[in-house]
Amino acid sequence: MEEQKRIQLNVRVAQDTADKLDELTAYYQKHTKYGKVYKGDVLTDIIDKSYDIMEKQVSMEKRYQ
């Protein structure tokens with residue numbers, strides 16, 4: 001996998017959201033065979049998957065207009 005330039009995002013989220021991210025990170029770690037899983041990796045995966053879904057929905061909307 002090609003290494004991409006990374007930037008640091010400092011964000012404020014609700015404690016409940018942070019707790020969910022911790023739980024998701026633990027889940028990813030449990031189900032990943034290779035190395036340590038970081039919160040940034042989990043967020044990247046979620047954002048990439050959500051973005052793909054959004055693009056599909058947008059293309060379907062354009063197709064039926």
Using alpha-carbon coordinates, inclination of helix 15-30 to the longest axis of the chain, degrees: 80 degrees
Segment 23-65: trypsin sites (Lys or Arg not before Pro) falling in loop per DSSP and having at most 12 other Cβ within 10 Å: K33, K36
Normalised convex hull volume, the chain, alpha-carbon set, Å³ per residue: 160 Å³
Qualifying GluC sites (Glu not before Pro) in the chain, DSSP loop, other Cβ atoms within 10 Å at most 16: E2, E3
Along the chain, longest interval not containing exposed chymotrypsin sites (Phe, Trp or Tyr not before Pro), exposed being DSSP loop plus at most 12 other Cβ atoms within 10 Å: 1-33
Degrees separating the helix 39-63 axis from the principal Cα axis of the chain, which is the longest one: 10 degrees
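The numbers here are math on the coordinates, done by the rules we state, and not lab data. In this text the structure is predicted, and so the values were computed from the model without any measurement. All Cβ positions, even for glycine, are placed from backbone atoms using ideal geometry, and neighbour counts span all protein chains on display.
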